[in-house]
Amino acid sequence: MKAKHQRLVLALVALASIIGAGLLAASALKDEAAYFYAPADVKAKGVEPGRAIRLGGMVVKGSLKRAADGVTIRFNVTDGKARVPATFSGIAPDLFKEGSGVVAEGAFDDKGTFVATNLLAKHDERYMPRELEGMQYNETTHEMKVTP
Amino acid sequence: MIAEAGLAALWLAASLALLQLFLAVTGLKGGKAELLAAMRPVAVGQGMLTAIAFSLLITLFLRSDMSVLLVAMNSHSAKPWLYKFAGTWGNHEGSMLLWVTVMGVAGGAVALFERALRRDTHMATLGAQATISLGFYAFLLFSSNPFARIDPPPTDGQGLNPLLQDPGLAFHPPTLYLGYVGLSVAFSFAVGALLTRTVDAAFARAMRPWVLGAWILLTLGITAGSYWAYYELGWGGWWFWDPVENASLMPWLAATALLHSVTVLATRDGLRAWTIMLAVIAFSMSMVGTFLVRSGILTSVHAFAVDPERGSFILALLAIYIGGALALFGWRIGSVREGAPFELISRETLLVVNNLLLSVILGIVLIGTLYPLMTEAFGHKVSVGAPYFDRIAGPIALVLMLAMAAGPLTRWRRDRVPAVAKRLAIPAAAGAVAAVIIATLAWGRMGLLPLFGLIVAIGVGIASLAPLWKRKLLRTPLFTWGMVIAHLGCAVSLAGMACDSAFTVEKLVAARPGETIRTAGWALRFVQIMPLAGDNWTALQADLAVDRGGNAVMMRPQSRFFTSPPTTTSEAALLTRWNGQLYVVLGEEVEGGRWQLRIWWKPFVTLIWLGGILIAFGGALALIGRERRGWLAKWRARRAVA
């Protein structure tokens, strides 16, 4: 093979693999990117069971219950407009508590309960999950204020 | 006084950088290569001044000088000295000062030690290094001054994020930065070669040790960072595809590709334009990473500051440097002559495949990291996590491993398929045997990716040793050893990753003191829970007597409470055995006096980091081997003259 042809072959292979990888990435992003939902979005749009999403809002006061096994918790997440039941097995972050913000990663089961595989709560006073920026929860009225 | 001296040193360093640039421009324009002699002390002086400024900032942190804003914001007098010391770079301004320090010192080293480069290229390289430094000096001095005072000084500081209060912080960020920013040298070399039209084998031989050096440190830094995240976060994972982790992985992928293409350029004088391109991309990825992390545009454990002004400043620097380098590339690349040709079946082709696959993985990581930003512009909040990266980058990485196995067993320039196949027969057979054994033992209990990962790791591990086959081991050159060990390291690391994701056993319980928990052949007797106090924290500690049919060993996971700033962290307890690690995390107290415990048995997980260390060690051997050959040649030449 002549050097010119060979260069062409290499360039074509390179181009094909880059385009292929781009398409692959695009299709995977469509499937795997976890969209952020607030409870009101869940109620309005519906989320199919098993699809990985992030659910964000505040933990409703008085809704946090611990199962007998000591490691499973149930709670409701609200954004002031709707409520979604959620469950989590594991060691919850220390700043995870009632009336406090949370972003839960996971998927809905068939009964409409959100099964969280990971909880992202505030790390410390300075850190807040980005999705919850501007959300404030009124603990007595259970109202959410959203300041853009 | 110390703060003012530090600021003065920084200003002086910046003016020396300006002088360095001026000398380079005058020298290159007037064709006065002898000006290089004048640039050397300037570059060295600049490096020393940045080092002085950085040492002064360390001094301020060690003294807990609360009249300095940065110290007051990020330190606390009650902190142990190690964290005062390491806290210097555990914040935005300090880490940017570390950045310019590494850049200055690297520039000084290039001025002092580089002897193989043509003189005009050397000047242009130092000029380019000064240009990049200037942008970051401006960033520090105008928008992130680490030495700013606060008046009146507070009585005490706000403390350092307790997650960062770990001995790992003293080692992992500086190493990472040395590699990360060390790549600026490769960038400057590329710019220098383009400006003076010297893209050839001799240039590649001069550039290679610098690339190799930065790459070794980057490898070590990423390995250390991964282990740090593994034991400090207490989540049992070793890689989270966090934007900041990706920010260090992307330059590494580009640098690994560069390392291989520069070898093609140095030995076979091929891939000229591509090598220059990669050198530009590698450091561009370092800067993109810095932008992502420092602008606060992405949420991350590592994001110190959310500040749009700083973000736009770094974005502007990014646009100028990357855009400038790419424009120069487009303008000058036509004048780079075609390199030496090679046949389709040759080591060159496999190295091209390596480069292509590494670039594709780099693209995939970059897209995944930036995708949330792009969708947020359209009002959708999205996160891209492990499922995306594993699904797409995983299989490509496995194919890359196969190319890695075949590469060293294929001849330069021209080879024949049957000959290569013959050399690959034994590793392939071993891989096939492993495949059959693993598939019969673990079919259905193991994901496809870990299954293939383990098989590929075994085959590639054996193939990576094959270049030593039938050679006199003591007479084998050090750089061949280096390559063999680095490739073996990849296989070892892959084996660790596959074992961890396939065979990890996790147990989550709430237990009372006195109970015994059994999992994966281990018995953990929960002895007691007791309070504990450290320098700036109090803790609850669980004592567990752990055994596997032998003598019991104590494991002591803790839950630590820090007061400044008020935070709780969990300190996992780790027990390392030759065949894996037992990992225990203490949770909170629940009804009935029970305590949450999360226990993992992770078979062969340590191979992941052992592999990383092997890769870096292989790189070090290759570096010493190449350099020693240069020294020997020089020594012989001198003796011949005498």
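Structure above, values below:
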| quantity | calculated |
| --- | --- |
| Every residue from segment A:76-117 that is within 14 Å of another protein chain (Cβ to nearest Cβ), out of contact with any Lys or Arg (no Cβ under 9 Å at 6 or more places or on another chain) and among the polar types (S, T, N, Q) | A:SER89, A:THR117 |
| Filter result for the condition that a residue is in a helix (DSSP H, G or I), surrounded by 19 or more Cβ atoms within 10 Å (Cβ to Cβ), within 9 Å of chain A (Cβ to nearest Cβ) and modelled with pLDDT under 90, over B:PRO372, B:PRO387 | B:PRO372 |
| Strands (runs of 3 or more DSSP E) wholly inside segment A:31-114 that include at least 2 residues being under 27 Å from B:LEU597 (Cβ atoms), of a type outside the set (S, T, N, Q) and free of Cβ contacts under 8 Å to residues at least 60 places away in the same chain | A:72-78, A:83-89, A:101-108 |
| Qualifying positions in segment B:1-18 - over 23 Å from B:SER67 (Cβ atoms) and either touching a residue at least 40 places away in the same chain (Cβ under 8 Å) or surrounded by fewer than 16 Cβ atoms within 10 Å (Cβ to Cβ) (or both) | B:ALA13, B:ALA14, B:SER15, B:ALA17, B:LEU18 |
| Among the residues listed as B:LEU449, B:LEU474, B:LEU468, the single one being over 29 Å from B:THR267 (Cβ atoms) and surrounded by fewer than 21 Cβ atoms within 10 Å (Cβ to Cβ) | B:LEU449 |
| Residues that are among the aliphatic types (A, V, I, L, M) and buried (at least 22 other Cβ atoms within 10 Å of the Cβ), drawn from segment B:79-95 | B:ALA86 |
| Single residue of segment A:22-52 satisfying the filter (within 22 Å of A:ALA92 (Cα to Cα), facing chain B (nearest Cβ under 9 Å) and not aromatic (Phe, Trp, Tyr)) that is surrounded by the most Cβ atoms within 10 Å (Cβ to Cβ) | A:ALA34 |
| Flag if B:PHE147 is more than 30 Å from B:LYS634 (Cα to Cα), modelled with pLDDT of 90 or more and of a type in the set (A, V, I, L, M, F, W, C) | yes |
| Check on B:GLY135, in contact (Cβ under 8 Å) with a residue 12 or more places away in the chain and in a loop (DSSP other than H, G, I, E, B) | no |
| Qualifying position, being of a type in the set (Gly, Ala, Ser), touching a residue at least 60 places away in the same chain (Cβ under 8 Å) and farther than 22 Å from B:TYR231 by Cβ, among B:SER564, B:SER570 | B:SER564 |
| Options B:LEU356, B:LEU400, B:LEU366; residue that is in contact with a helix residue (DSSP H, G or I) (Cβ under 9 Å, 6 or more places away or on another chain), part of a helix (DSSP H, G or I) and more than 11 Å from chain A (Cβ to nearest Cβ) | B:LEU400 |
| Considering residues of segment B:582-641 that are basic (Lys, Arg), part of a strand (DSSP E or B) and within 28 Å of B:LEU249 (Cβ to Cβ) only, the residue farthest from the chain's Cα centre (by Cα) | B:ARG598 |
| Any hit, segment B:50-60, residues being under 22 Å from B:PHE171 (Cα atoms), at pLDDT below 90, touching a helix residue (DSSP H, G or I) at 6+ places or on another chain (Cβ under 7 Å) and surrounded by fewer than 19 Cβ atoms within 10 Å (Cβ to Cβ) | no |
| Filter pass, B:PHE342 being surrounded by 21 or more Cβ atoms within 10 Å (Cβ to Cβ) and not in a helix (DSSP H, G or I) | yes |
| Yes/no for B:LEU574 being more than 14 Å from chain A (Cβ to nearest Cβ), in a strand (DSSP E or B) and surrounded by fewer than 20 Cβ atoms within 10 Å (Cβ to Cβ) | yes |
| Residue match in segment B:553-564 (condition: within 14 Å of another protein chain (Cβ to nearest Cβ) and among the β-branched types (Val, Ile, Thr)) | yes |
| Residue selected from segment B:160-177 under the condition under 13 Å from B:ASN91 (Cα atoms) and part of a loop (DSSP other than H, G, I, E, B), by the criterion nearest to the other protein chains (Cβ to nearest Cβ) | B:ASN161 |
| Segment B:150-184, subset farther than 15 Å from B:PHE61 by Cβ and of a type in the set (A, V, I, L, M, F, W, C), residue modelled with the lowest pLDDT | B:LEU163 |
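This table checks each residue for (1) among the charged types (D, E, K, R); (2) modelled with pLDDT of 90 or more.
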residue	(1), (2)
B:ALA498	no, yes
B:ALA511	no, yes
B:GLU515	yes, yes
B:ASN536	no, no
B:PRO557	no, yes
B:THR568	no, no
B:LEU575	no, yes
B:TRP578	no, yes
B:GLU589	yes, no
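The values are calculated or read from the model by the stated rules, or taken from the named source; none is laboratory data. Remember, it's a predicted structure, so these values are computed and weren't measured experimentally. Positions of Cβ are backbone-derived with ideal geometry, glycine not excepted, and every protein chain shown enters the neighbour counts.
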